[in-house]
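Here the structure is laid out as structure tokens; the discussion comes afterwards.
The values are calculated or read from the model by the stated rules, or taken from the named source; none is laboratory data. Computed from a predicted structure; not experimentally measured. Cβ placement follows ideal geometry from the backbone for every residue including glycine, while neighbour counts extend to all protein chains displayed.
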Amino acid sequence: MFWADKIAEEAQGPQVINDSKTPSGLIHVGAIRGVAIHYMIYKAMKDRGRDAAFLYGIDDYDPMDSLPVYLDRNIYAKYMGVPLSMIPAPDGSSKSFSDFYADDFIDVVNKLGMKPQIYYMHEYYKSGKMNKVIDVVLRNDAKIREIYARISGAQRTEDWLPFQVVCEKCGKIGTTRVFKYDGEKVYYKCEPEMVVWAAGCGHEGSMSPFDGNGKLPWKLEWVGKWIVLGVTIEGAGKDHSAAGGSREVSEAICREVFNAKPPLNVPYEFFIVGGKKMSSSRGVGASCREMYEKLPPEILRLLMLRKRPETAIDFSPDGDSIPRLMNDYDEFSNDYFAPDDEEKKERKRLFEFIAGDKEIKKLYLPQFTFVAIMVQLPHVDMFKVFETQKGSPLTKDEIEEIEVRAKYARVWLENFASEGVKFKVQEKLPDAVSQLSPEQIKYLESLADALSGEEWNGDKLQTAIFTQANSMSLPQGKAFQAIYSALLGRPSGPRAGWLIAALDKEFVTERFSQAAKSIV
């Protein structure tokens, strides 16, 4: 059984599936993986008719504890330690800093069809929804310190209380230390040297901890959300799920302080780019918006959903990574309509998640690399070429799919493709032909005759190219060099069979014959 379906099958009663993110800057594409995993569980529930909700929290009451490298330090250094929801947006709009980045992320997630219910932690604190949890935490400070020490080895002094207020004088939350709670107020100091990334103002005071005057540390805030939202399933990255890690601490607090059952954990591996773990504040890795604009939505979903949660995803968009992803998508699509067998059953189920809300239809899907060739031939009607390849008229849905692929093929060529796949067909016989050996010239002449009677199909032409080279004992590299030299004026290029298939048959055969005559 598919992993998400197994979770849905075993769950009892209504389910609340939750995930969250701190919008501390441009949110990198790796953050979509957590959303995707929880979305799959939610979809598996709904496909079974189960009562389930899919929530996503914006942890915007967290302090700014690192300054993104792409922001002006002269403007933003003074906000270090201030809640993200209380910092102005970089674009000068009326939005907050957190909304500026969170809204962009949410928009991408929604366009990917995952569409969780969004909530904002600053609203939960200010509305009083977290008040009861805060009171329980502050009344059980000794027990919480003992759990920290027992499970993670973190030692806290007796005057450490698990809460931080927004300083009445400087507005910072990341620098305040609460040392006493009398049941109505907390007593605190805004410490100048408590953290290295922000300096408190030194103010001492007291205030009610409720109605948004402060927040819980994130491990306890995690527990508070489980309690307030009734969360039953929430996964976590492998760093949080390690023995003695934050998840184990939070689960112990949930059981021992709140007498509640922690949500089911679904640990998952990281999404990394080119072997590097990404960071929003350090500007490492592509943002979710950037990757969304470079890949079709279903391909980005494929990238995020195809591997089980416990398997890391290492992806770099450079080179032929995107064409390979597109080919994989086409294979999933073809398998979906193939006869059932045990191997294809799980692939078919996975494809339903990849498709999202999009209706799954059996379509003619031209290979992405072929489309990338076509967009570099502005004088060729690609739809006529693809219609010839298909062997029947294109449907409206197929035309729309080709248009989408053409759009992203141009993006790929501009941003990620190697120079070897970029080309321009030469209008006249290139000078490069004069550098070919007699054997290569003879090959072009014989290939012109062989192709004249060949079906104009990329795969079949590719086979004909190999067959003709083998029949003449010409190394394949030499054969391709001759083809590219005659058509492109250089020794390399895109897949030759598909390149030739995109061109007029008479033009190709005449060019090869012309190359042979030019040497005589």
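Would you confirm whether any residue within the range 399-410 is in a loop (DSSP other than H, G, I, E, B), surrounded by 13 or more Cβ atoms within 10 Å (Cβ to Cβ) and outside the structural domain of Leu499 (by TED's automatic domain parsing)? No. Apart from one condition, Phe383 fits all of (1) closer than 21 Å to Lys43 by Cα; (2) surrounded by fewer than 19 Cβ atoms within 10 Å (Cβ to Cβ); (3) out of contact with any Ser or Thr (no Cβ under 9 Å at 6 or more places or on another chain); the exception is (1). Scanning the range 386-398 for residues that are at pLDDT 95 or above and surrounded by 16 or more Cβ atoms within 10 Å (Cβ to Cβ) turns up Leu394, Glu398. Considering (1) part of a loop (DSSP other than H, G, I, E, B); (2) touching a helix residue (DSSP H, G or I) at 6+ places or on another chain (Cβ under 7 Å); (3) farther than 29 Å from Ile354 by Cβ, the lone condition that Gly81 does not fulfil carries the number (2).
For Ile173, the conditions (1) farther than 27 Å from Leu67 by Cα; (2) hydrophobic (A, V, I, L, M, F, W, C); (3) in contact with a strand residue (DSSP E or B) (Cβ under 6 Å, 6 or more places away or on another chain) are fulfilled apart from (1).
Conditions (1) touching a residue at least 24 places away in the same chain (Cβ under 8 Å); (2) within 30 Å of Glu298 (Cα to Cα); (3) surrounded by 20 or more Cβ atoms within 10 Å (Cβ to Cβ), marked per residue:
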| residue | (1), (2), (3) |
| --- | --- |
| Val69 | yes, no, no |
| Leu112 | yes, yes, yes |
| Ile144 | yes, no, yes |
| Asp159 | no, no, no |
| Val166 | yes, no, yes |
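Note on the range 305-378: enclosed helices (runs of 4 or more DSSP H) holding 2 or more residues that are within 24 Å of the chain's Cα centre (by Cα), surrounded by fewer than 20 Cβ atoms within 10 Å (Cβ to Cβ) and not assigned by TED's automatic domain parsing to the domain that holds Ile402 are 321-336.
Results for (1) under 30 Å from Met304 (Cα atoms); (2) not in a helix (DSSP H, G or I), shown as yes or no for each residue.
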position: Ala102; (1), (2): yes, no
position: Ile106; (1), (2): yes, no
position: Val137; (1), (2): no, no
position: Ala142; (1), (2): no, no
position: Arg156; (1), (2): no, yes
position: Leu161; (1), (2): no, yes
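Taken over the range 116-128, the residue count meeting the criterion of being crowded, with 17+ Cβ neighbours inside 10 Å and of a type outside the set (Phe, Trp, Tyr) is 3. When you scan the range 391-400, do you find a residue that is closer than 17 Å to Leu499 by Cα and not acidic (Asp, Glu), even just one? Scanning the range 391-400, I find no residue that is closer than 17 Å to Leu499 by Cα and not acidic (Asp, Glu), so the answer is no. In the range 469-487, the count of residues that are within 41 Å of the chain's Cα centre (by Cα), buried (at least 20 other Cβ atoms within 10 Å of the Cβ), touching a residue at least 24 places away in the same chain (Cβ under 8 Å) and closer than 26 Å to Leu295 by Cβ is zero. The set of residues in the range 46-61 that are in contact with a helix residue (DSSP H, G or I) (Cβ under 7 Å, 6 or more places away or on another chain), touching a residue at least 60 places away in the same chain (Cβ under 8 Å), of a type outside the set (Phe, Trp, Tyr) and not in a loop (DSSP other than H, G, I, E, B) comprises Leu55, Gly57, Ile58. The residue that is surrounded by the fewest Cβ atoms within 10 Å (Cβ to Cβ), counting only those in the range 47-65 that are among the small types (Gly, Ala, Ser) and within 23 Å of the chain's Cα centre (by Cα), is Ala53. Would you check if Ile147 is in a helix (DSSP H, G or I) and touching a Phe, Trp or Tyr at 6+ places or on another chain (Cβ under 9 Å)? When the stated conditions are applied, Ile147 does not pass them.
As a summary of the residue check, Ala44 satisfies the conditions (1) at pLDDT 95 or above; (2) buried (at least 22 other Cβ atoms within 10 Å of the Cβ); (3) within 28 Å of Ser127 (Cβ to Cβ) except for the one numbered (3). Given the structure, is Phe54 aromatic (Phe, Trp, Tyr) and under 19 Å from Glu234 (Cβ atoms)? Yes: the conditions hold for Phe54. Counting only helices (runs of 4 or more DSSP H) that sit wholly inside the range 170-279, those with at least 1 residues that are crowded, with 16+ Cβ neighbours inside 10 Å and at pLDDT 95 or above are 218-229, 246-256.
Let me confirm something: among Lys442, Lys460, Lys428, Lys517, which residue is surrounded by fewer than 17 Cβ atoms within 10 Å (Cβ to Cβ), part of a loop (DSSP other than H, G, I, E, B) and not small (Gly, Ala, Ser)? Just a single option satisfies the conditions, and that option is Lys428. Applying the set (1) out of contact with any Gly (no Cβ under 9 Å at 6 or more places or on another chain); (2) surrounded by 18 or more Cβ atoms within 10 Å (Cβ to Cβ) to Tyr76 leaves exactly one unmet item: (2). Taken as a whole, the condition of being aromatic (Phe, Trp, Tyr) and in contact with a strand residue (DSSP E or B) (Cβ under 6 Å, 6 or more places away or on another chain) does not apply to Phe97. Within the range 37-57, identify whether any single residue is farther than 30 Å from Glu352 by Cα and not assigned by TED's automatic domain parsing to the domain that holds Ile354, and answer yes or no. Among the residues of the range 37-57, not one is farther than 30 Å from Glu352 by Cα and not assigned by TED's automatic domain parsing to the domain that holds Ile354, which makes the answer no.
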